[in-house]
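Chemist: Okay, here's the structure, questions in a sec.
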Amino acid sequence: MSQTPRLLRVLAGETLDRPPVWFMRQAGRSLPEYRVLREKAPDFIAFCLHPEMAAEATLQPMRRFPMDAAIVFADILLIPLALGQDVWFEAGEGPRLGALPPIEALRDAVEGSTARLANVGETLARVRVELEPERALIGFAGAPWTVATYMLEGRGSQRESARTYAYAHPEALDALLDVLVDATARYLVMQARAGAQVLKLFESWADNLAEDVFERIVVGPHRRIVEQVRAAGVDTPIIGFPRSAGALVEGYAERVPVQAVALDTQASAGLGRSIQAQGKAIQGALDNLLLRAGGPALEARVEQLLAQWASGPYIFNLGHGVMPDTPIEHIARVVERVTGKPANRLAAE
């Protein structure tokens with residue numbers, strides 16, 4: 001049996017006897033062992049930048065479930081931190097960011113930003129040593145527009161002022177996105193060289209954008225990131241995730257040279273098949289709330305997703321990340337259905 005990870009085979013265009021499976025946010029608060037580990041770090045940023053603890057968090061779901069891939073435990077807001085913006089997490093409220101530094105200071109910080117995130121590379125190297133060869137390791141970054149919304153707003157709960165800024169100050173936004181393109185490409189190259197076999201761009205806030213704006217602040221930056229990664233000699237496959245972009249996703253797939261497009265919960269069967277017909281893999285789109293709820297509706301939707309997409313290159317995943325209060329039994333049941341392998345229920349007991 002080939003030890004080439006299923007995820008890599010699908011990203012190369014293969015259709016397999018079953019799709020590979022992994023879940024966004026599979027490492028984290030849904031696992032009791034993660035909560036124990038998290039208490040050992042003084043804050044969330046310190047936790048993300050502690051290679052030993054971050055590697056352990058990455059590996060925890062791999063011990064519990066027969067996932068086909070691990071995704072490095074990190075956060076999309078490490079890039080603003082590396083560029084010199086203050087970033088911290090308020091308990092129960094989420095991320096907060098300090099004042100946006102001047103664009104000149106951000107540009108000057110790009111060259112050294114990867115060195116400031118070297119601990120993420122060490123985390124990847126540690127995980128790759130521990131992970132079985134048939135299971136893939138994924139690195140990731142937040143995409144420029146999504147990261148810019150946090151940098152401009154100082155938090156992630158509201159994005160109206162960032163969208164207004166995109167209309168009112170297009171040149172200033174483009175300058176910020178250019179900085180983030182350069183920093184993100186460098187960061188992804190570092191992750192690939194540290195052991196990541198797949199890279200993913202998370203555009204979490206691709207919703208409610210007019211088509212021309214979507215082209216300028218999502219499609220263009222994603223395309224330039226891929227081009228810069230390839231120019232650095234890195235051929236690691238890339239998954240793009242323009243979450244909640246609706247009908248614009250098909251055009252994204254046509255114009256951004258990624259190997260796969262991740263789909264959110266609203267994606268239709270026809271949209272997925274259309275992207276597969278372009279020669280690209282698709283990923284998604286199980287509702288994370290349905291995973292939390294469980295029951296016959298969950299089982300029916302899993303069967304539906306497999307029936308509609310598994311005849312082409314398909315990666316089974318969610319349309320958004322695992323919710324913190326998702327029962328472990330629900331995750332185990334879905335992964336067992338896709339892989340035919342039971343979870344290790346004693347892994348963390």
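Chemist: Which numbered condition in (1) without any contact (Cβ under 8 Å) to a residue 24 or more places away in the chain; (2) touching a Leu at 6+ places or on another chain (Cβ under 8 Å) is the only one that PRO42 fails?
Modeler: That leaves (2) as the condition not met.
Chemist: Taking the residues in region 82-131 that are assigned to a loop (DSSP other than H, G, I, E, B) and among the small types (Gly, Ala, Ser) as candidates, determine which candidate is surrounded by the fewest Cβ atoms within 10 Å (Cβ to Cβ).
Modeler: Filtering first and then ranking leaves GLY92.
Chemist: Between a first residue in region 7-34 that is free of Cβ contacts under 8 Å to residues at least 12 places away in the same chain and crowded, with 16+ Cβ neighbours inside 10 Å and a second residue that is assigned to a loop (DSSP other than H, G, I, E, B) and of a type in the set (A, V, I, L, M), which pairs have beta carbons less than 9 Å apart while being 6 or more apart in sequence or on different chains?
Modeler: ARG9/LEU16
Chemist: Having 1 or more residues that are of a type in the set (A, V, I, L, M, F, W, C) and free of Cβ contacts under 8 Å to residues at least 12 places away in the same chain is the bar; report the helices (runs of 4 or more DSSP H) wholly within region 157-219 that clear it.
Modeler: Per the criteria, 160-168.
Chemist: Quick check on this structure: which one of ALA148, ALA162, ALA141 is at pLDDT below 95 and not acidic (Asp, Glu)?
Modeler: On the way: ALA148 fails: at pLDDT below 95; ALA141 fails: at pLDDT below 95.
ALA162 is the lone residue from the list that is at pLDDT below 95 and not acidic (Asp, Glu).
Chemist: Let me ask another. Out of ALA245, ALA277, ALA281, ALA269, which single residue is buried (at least 21 other Cβ atoms within 10 Å of the Cβ) and under 20 Å from LEU306 (Cα atoms)?
Modeler: Exactly one residue qualifies, and that residue is ALA281.
Chemist: Restricting attention to helices (runs of 4 or more DSSP H) lying wholly within region 229-322, give those where 2 or more residues are within 20 Å of PRO5 (Cβ to Cβ) and in contact (Cβ under 8 Å) with a residue 24 or more places away in the chain.
Modeler: 296-309
Chemist: Is it the case, given these coordinates, that ARG243 is among the basic types (Lys, Arg), in contact with a His (Cβ under 8 Å, 6 or more places away or on another chain) and modelled with pLDDT of 95 or more?
Modeler: yes
Chemist: While we're on this one: Find the residue count for region 156-189, including only residues that are under 19 Å from the mean Cα position of the chain (by Cα) and under 25 Å from GLY92 (Cα atoms).
Modeler: Summing the residues that are under 19 Å from the mean Cα position of the chain (by Cα) and under 25 Å from GLY92 (Cα atoms) in region 156-189 gives 2.
Chemist: Within the bounds of region 132-144, is there any residue that is assigned to a helix (DSSP H, G or I) and within 29 Å of GLU104 (Cβ to Cβ)?
Modeler: Within region 132-144, one or more residues are assigned to a helix (DSSP H, G or I) and within 29 Å of GLU104 (Cβ to Cβ).
Chemist: Still on this structure, please answer the following. Among the candidates ARG25, ARG18, ARG9, single out the residue that is part of a helix (DSSP H, G or I) and out of contact with any strand residue (DSSP E or B) (no Cβ under 6 Å at 6 or more places or on another chain).
Modeler: Just one listed residue meets the conditions, ARG9.
Chemist: Of (1) over 17 Å from the mean Cα position of the chain (by Cα); (2) farther than 26 Å from THR114 by Cβ; (3) part of a loop (DSSP other than H, G, I, E, B), PRO42 satisfies all except one. Which?
Modeler: The single condition PRO42 does not satisfy is (2).
Chemist: Against the definition (over 16 Å from the mean Cα position of the chain (by Cα) and among the hydroxyl-bearing types (Ser, Thr, Tyr)), how does THR4 come out, yes or no?
Modeler: Yes.
Chemist: Name the residues in region 323-349 that are part of a helix (DSSP H, G or I) and either polar (S, T, N, Q) or within 19 Å of ALA57 (Cβ to Cβ) (or both), would you? Before the answer, list the steps.
Modeler: Within region 323-349, the first condition is being part of a helix (DSSP H, G or I), and the residues that meet it are 328-339.
If the condition is that a residue be part of a helix (DSSP H, G or I) and either polar (S, T, N, Q) or within 19 Å of ALA57 (Cβ to Cβ) (or both), then ILE328, ILE331, ALA332, VAL335, THR339 are the ones that fit.
The values are calculated or read from the model by the stated rules, or taken from the named source; none is laboratory data. Being a predicted model, the structure only gives us computed values, none of them experimental. Positions of Cβ are backbone-derived with ideal geometry, glycine not excepted, and every protein chain shown enters the neighbour counts.
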